[in-house]
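The values are calculated or read from the model by the stated rules, or taken from the named source; none is laboratory data. Source: prediction; values computed, not measured. So basically every Cβ, Gly included, is an ideal-geometry build from the backbone, and we count neighbours across all protein chains shown.
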Amino acid sequence: MKLNLKRPLAFFDLEATGINVGADRIVEIAILKAMPDGSETVKTWRVNPEMPIPLQTSLIHGIYDEDIANEPTFKTLAAEIAEFMGDSDLAGYNSNKFDIPMLLEEFLRANVDFDMKDRKFVDVQNIFHQMEQRTLKAAYKFYCQEDLINAHAAEADVIATYKVLLGQLEMYKETEFESKQGVKSVPVVNDVDALHVFTNINKPVDFAGRLVFNDNDEVCFNFGKHKGKTTEQVFSVEPSYYAWMKQGDFPLYTKKKLDEEWAKFNAKKNENKAAKTQNQAPAPQKPHYQSKPQPKQEKPAQPINNDMLDQLKMKFGK
């Protein structure tokens, strides 16, 4: 089966020093770039993480310190990896929770602005877990009727993930799915946009799961005492929460998205303040006119009568 693509879809898988997105580092990355014309290109890079690989981690993926001692650092490879991925949509197995946030963290450390805007991302694990709920090895056996050799080697895993998606599209092309809300649909179709919607269960904003979209497409906190509240609600009552997260041990990409929400909040607050000030402009005062003094009105002359003559006689004694 050929994927129905509008633009390239980059399947990628990471092996790392551990699973802490903020603290651990990539030691291997493999990318299978599927093109709209049906062609495929696979590239794999070994990476010096500039930190020791814990033995328990090396026992899982088989990469030890001496294996990557002379390999280039991610900072050296970052521009090449970003260029190879180009404007591709992204796909992987558990990629929304691990591979994408880990990759974005490494790009930010290397000062490479890998723009996620308008990209679609398909997490093959979410299709599998919602439809069958098994591991990658079991998924490969289930959908491809083959045993997965060299599991936890990045290139073997990424090729297996690609084949599993093709098997899922074939198996579920007419399968009805009922969501927890009781909505029925046929979601597993050969269309990246539809798979993006179906596999992004928690609608992540930062991919580390600290910030998510709610049903109204508003950005909300997804942890701690403010879980479920929008960033605007929290910043309005507790603006210090922003500073606390900026100073805390959160992934760099989480802090980048937090900065964007903080900027939007302050821009909206300034707009409201300006509008309020404009609406409360003082009413124009009535002109004050100073009244002119009114001239005294003189009484009109009275004709001389006997009373007046008597008063004059009394005054002058005559």
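Assorted remarks:
- With respect to the stated conditions, Lys256 fails to be basic (Lys, Arg) and over 26 Å from Arg119 (Cβ atoms).
- Flag for Thr57 being of a type in the set (Val, Ile, Thr) and under 23 Å from Asp118 (Cβ atoms): no
Results for (1) basic (Lys, Arg); (2) part of a helix (DSSP H, G or I), shown as yes or no for each residue.
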residue	(1), (2)
Lys141	yes, yes
Asp157	no, yes
Glu170	no, yes
Ala208	no, no
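- Annotation note: of Val158, Val186, the sole residue that is among the β-branched types (Val, Ile, Thr) and either over 29 Å from Lys75 (Cβ atoms) or surrounded by fewer than 17 Cβ atoms within 10 Å (Cβ to Cβ) (or both) is Val186.
- Qualifying positions in segment 131-169 - acidic (Asp, Glu) and either closer than 22 Å to Leu90 by Cβ or at pLDDT below 90 (or both): Glu132, Glu155, Asp157
- If you go through segment 50-106 and keep only what is under 30 Å from Arg7 (Cβ atoms), among the polar types (S, T, N, Q) and in a loop (DSSP other than H, G, I, E, B), you end up with Ser88, Asn94.
- Only listed residue being closer than 25 Å to His129 by Cα and at pLDDT below 90, chosen from Asp206, Asp215, Asp191: Asp215
- Condition check for Val197: surrounded by fewer than 18 Cβ atoms within 10 Å (Cβ to Cβ), of a type outside the set (D, E, K, R), in the same structural domain as Ala91 (by TED's automatic domain parsing) and modelled with pLDDT under 95: yes
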